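Notes to accompany the following structure.
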Amino acid sequence: MNAKVSKKFSISELVMKLVRHQLFIPIAALLLLAIFNLINDPSFYKVTLGYSSTGDPVLSGYPITILDFGSELAILAIGMTLVTAATGGQDISVGATIAISGSVVLRMLCGPDGRAETMQMPIVVAFLISCVVAMLCGAFNGVLVAYFKIQPMVATLILYTAGRSIAAWINNNRLPIVKEESFKVFGGFIPGIPIPTPFFIALACIILMTLVLRFTNLKLYTQAVGINESSARLNGLNPAMIKFITFVILGICVAVAGLIKVSRLSTINYSVVAKDIEMDAILAVALGGNALSGGKFSMGASILGAYVIQFLTTTLYKLEVPSDALSAYKAIVVILLVVMSAPTVRKWFSDLGKKLKAKASVKEVG
Amino acid sequence: MKKKILAVLMATAMVFSMVACGGKADDNGLIKVGIINNDPNESGYRTANDADLKAMFTEANGYDASFAYSLKNDEQIASAQQFIQDGVDYLLLSAADTAGWDSVLKDAQKEGVQVILFDRTIDADDSLYVASIVSDMAKEGQTAVDWLKGQNLAEYNVIHIQGVMGSAAQKGRTGALDAEVAANANWNLVTQQTAEWNAEKAQQIVQSVIDSGKSFNVIYAENDDMAKGAVAALDKANISHGVGKDVIVMGFDCNKWALEELLKQNWNYDGQCNPFQASYIDDIIKKLEAGETITEKVIIMDEKGFDASTITQEDVDKYGI
């Protein structure tokens, strides 16, 4: 009898441990979605190998679509996680900055009149220039937040409202179109490789970020600043500088995502490109179980969160939910997440756990 | 002290320049028009529309035109009041919103300012304006659907990508297709979803249909941007599209780049949404100045539909916006 109870006990402890683990929320959400789709229509997981017009193998199917579109979100989630951890706030200008950096890429490639038949410079150069511009946008946000102590959401509201107009201004409100096929590689497929390129770009970003977190003090410092700014300063850190750096890193992420975005269509529409993507990026961070108020973070959980969000989006598209209603469904997820992570609810849960434990021990004694 | 003198000087300069402005608007045989439009940066349509108006209402053509732009109704109303005070002869108006124009148009009537609406109608008594020059979105949709019907496919499996729900363009262009699908057994909607004029959303919708393995042979997108997004998804899955290919691609608005796609036979059809109202307005003003009366209040512009197999480079240059 006694042995049985203690065994039960250890199982419940194990469960509690699992539940407390940061990866629990994104993995649970992933499983929930996966099981739902399996029951609803198993053909969701069908992946077929086809051939592109140039004869190269390409994979297609819902899982590939998730990998494809989830990757740009994962790249943004990397930067957003750092900003969230260091400042305890979020950057809502991400979509508008993507419009700016995408516009810069096209301005560089298509020339001043936007009608050039051939690319005016190597894509790498155009991308690096857009990187600089996106980093400047990040730096602008960073200066406002770090040095002028403006709330991140308010500070980034400036670019959120002005960004798309700036993007249109960069190209004189023309819609440049890149006519060369080689530009489509970043949002499409590398010839000979059947998995969409964005996945590899995201992978490269993830590896790079892992190395940076592993071999520098970036993680320690951002967490220290996020948890307690003044004690971080007392320990010799420069909180303003660290906040500033996180915004600049987010700027790089934005430039990468912007390149993928414009590559998908070889053109841009200033008013709708990457619309509402900042909400998805923030949601990815939240779904990763990271506190939106800053402090400790798990990069892996955020990235997984990003793919889970795209899983949800793709599922909704499959169910033919009108795309103007998508945000309503995502709102439900946000509400659930926020309520779950609210201190009062957490306390209620832990009290419940304690009560159950107490009951069990009483029984044991009895 | 220096500052004070400077201030006085500047104030005098300003007063003089204002007088100069006021004096310039004297009667010199030109017809004074005040033009209220939406922001030309709003879309390619609006840019073309604004350029067309600017080319028509010049001093060389006998007009003294002032322009005011806003996407906000209240700002537009304020500029209308300003124009009426300035004593314009004609007020040309593309209203941001249909409501709220009654009182200012009544003022215009009192002052003897004739009002001509273009592109957009308003909810006001039609005695308050002399004419309204508009596009008939339902007719645009009907022209497109008639063209599609003329392709004589054995079966129509249509992916219908809609604009922002409730907008005039969406309602008109959807209505014609819906009616045809309801009337014919061999017309099916594979999916009917809004992509809110957004190319990326259109791409994801078409991607989702391709992933599901459903078959389709027509993409009916309610503007060029969304058609482009749809085509991006087709290209990725290596589904051929265009003249004589597996999937018929249809768009609206006649952007120049879209007509070029037609010319290359990558798309099949593009419906026009005519932004060139200036010549119609000019006609009306000429008639009014000659003392004629306008019998038809609502003037619907001619709008074309372009077929990829018959389009020419001249069409692209002339009608592309």
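The values are calculated or read from the model by the stated rules, or taken from the named source; none is laboratory data. Quick caveat: nothing in here was measured; it's all calculated off a predicted structure. Cβ atoms come from the backbone with ideal geometry, glycine included; neighbour counts cover every protein chain shown. Side chains included, ligands, DNA and RNA excluded: accessible areas come from the protein's heavy atoms. Shrake-Rupley method; radii C 1.70, N 1.55, O 1.52, S 1.80 Å.
Relative to the longest principal axis of the C-alpha atoms of chain A, give the angle of the C-alpha long axis of helix A:326-341, reported between 0 and 90° and rounded to the nearest 10°.
Approximately 40 degrees, to the nearest ten.
With +1 on each Lys and Arg Cβ and -1 on each Asp and Glu Cβ, how big is the dipole of the protein assembly as shown about its Cα centre, in debye rounded to the nearest 20?
Using Cβ point charges on Lys, Arg, Asp and Glu, the protein assembly as shown gives about 5020 debye.
Taking chain B as the reference, fit the longest principal axis to its C-alpha atoms, fit the long axis of helix B:224-236 to the helix C-alpha atoms, and give the angle between the two in degrees, 0 to 90, nearest 10.
Approximately 30 degrees, to the nearest 10.
Considering the options A:VAL273, B:MET56, B:ALA227, tell which one lies farthest towards the positive end of the dipole of the protein assembly as shown, charges being +1 on Lys and Arg and -1 on Asp and Glu at the Cβ, about the Cα centre.
Value computed over the given set: A:VAL273.
Rounded, prolate or oblate: which one fits segment A:2-365, using the alpha carbon gyration tensor with axes a ≥ b ≥ c (rounded when a/c is under 1.5, else prolate when a/b beats b/c, else oblate)?
Oblate shape, in that a/c is at least 1.5 and b/c is the bigger or equal ratio.
When the solvent-accessible surface of protein heavy atoms is calculated with a 1.4 angstrom probe, in what order do A:LEU283, A:LEU136, A:LEU59 fall, highest first?
These residues rank, largest area first, as A:LEU136, A:LEU59, A:LEU283.
Work from the charge dipole of the protein assembly as shown (Cβ charges, +1 for Lys and Arg, -1 for Asp and Glu, about the Cα centre) and give the residue of B:GLN151, A:PHE36, A:GLY95 farthest towards its positive end.
A:PHE36
Just to confirm a number: summing +1 for Lys and Arg and -1 for Asp and Glu over residues other than B:VAL33 whose beta-carbon lies under 9 angstrom from that of B:VAL33, what do you get?
Result for the neighbourhood of B:VAL33: -1.
Wrap a convex hull around the Cα atoms of the protein assembly as shown, take a quarter of its surface area, and give that in square nanometres.
The number I arrive at for the protein assembly as shown is 43.0 nm².
Tell me whether segment A:1-159 comes out rounded, prolate or oblate; compute the Cα gyration tensor, take square roots of the eigenvalues as a ≥ b ≥ c, and use a/c under 1.5 as the rounded threshold.
oblate
With r as the distance between the Cβ atoms of B:ALA179 and B:ASP74 and R0 = 35 Å, compute the FRET efficiency 1/(1 + (r/R0)^6) and round to 0.05.
0.40
Could you size up the charge dipole of chain A around its Cα centre, putting +1 on the beta carbon of Lys and Arg and -1 on that of Asp and Glu, and report it in debye to the nearest 20?
1540 debye
Looking at the square roots a ≥ b ≥ c of the eigenvalues of the Cα gyration tensor of segment B:185-225, which shape do they give, rounded for a/c under 1.5, prolate if a/b is larger than b/c, or oblate?
The shape class here is oblate.
Please give the per residue accessible area of segment B:119-200, computed with a probe of 1.4 Å over protein heavy atoms only, in Å².
39 Å²
Roughly how many percent of the accessible protein surface of segment A:77-168 is carbon and sulfur, given a 1.4 Å probe and a whole-percent answer?
73 percent
Leaving out ligands and nucleic acids, note down the accessible area per residue over segment A:2-365 with a 1.4 angstrom probe, in whole Å².
48 Å²
Once you've got the Cα coordinates, tell me which of A:LYS219/A:LYS296; A:LYS179/B:LYS236; A:LYS219/A:LYS261; A:LYS46/A:LYS318 are over 18 Å apart.
Beyond 18 Å: A:LYS219/A:LYS261.
Just reorder A:ARG346, B:ARG173 by solvent-accessible area, largest first, 1.4 Å probe, all chains present.
Largest accessible area first, the list is A:ARG346, B:ARG173.
For chain A, what is the mean residue ellipticity at 222 nm derived from helices alone (per DSSP H run of n ≥ 4: -39500 (n - 2.57); sum divided by total residues; nearest 500 deg cm²/dmol)?
-23500 deg cm²/dmol
Please compute how much accessible surface disappears when B pairs with A, both sides summed, using a 1.4 Å probe, and round it to the nearest 100 Å².
Approximately 2700 Å², summed over both chains.
Hey, what angle do you get for helix A:343-365 against the long axis of chain A, alpha-carbon based, 0 to 90 degrees rounded to 10?
30 degrees
Keeping all protein chains in place and using 1.4 angstrom, which order do A:ILE11, A:ILE170, B:ILE219 fall into by accessible surface area, from largest down?
A:ILE11, A:ILE170, B:ILE219
If you build a Gaussian network model of chain B, linking Cα atoms that sit under 10 Å apart, which residue out of B:LEU53, B:LEU117, B:LEU189 swings the most?
B:LEU189
Can you list the residues of segment B:171-212 whose accessible area drops by at least 30 Å² going from the chain on its own to the full set of protein chains, with a 1.4 Å probe?
Buried-area filter returns B:GLN193, B:THR194, B:GLU196, B:ASN198, B:GLU200, B:LYS201, B:GLN203, B:GLN204, B:GLN207, B:SER208, B:ASP211.
Which positions within segment B:239-260 get 40 Å² or more of their accessible surface covered by the other protein chains, compared to the chain by itself, with a 1.4 angstrom probe?
Output list: B:TRP257.
Would you be so kind as to list the residues of segment A:311-339 that have their accessible area lowered by at least 50 Å² in the full protein complex compared with their chain by itself (1.4 Å probe)?
Going by heavy-atom accessible area, the residues of segment A:311-339 that drop by at least 50 Å² are A:TYR317, A:GLU320, A:SER323, A:ASP324.
Hey, what number do you get for chain B at 222 nm if only DSSP H runs of n ≥ 4 count, each worth -39500 (n - 2.57), divided across all residues, to the nearest 500?
Helix-only estimate at 222 nm: -14000 deg cm²/dmol.
Answer with one residue from A:ILE195, A:LEU14, A:ALA168: the one whose Cα lies farthest towards the positive end of the charge dipole of segment A:2-365, charges on Cβ with Lys, Arg +1 and Asp, Glu -1.
A:LEU14
Counting only DSSP beta bridges with both residues in the protein assembly as shown, tell me the antiparallel percent, nearest 5.
Given both bridge residues lie in the protein assembly as shown, the antiparallel proportion sits at roughly 15 percent.
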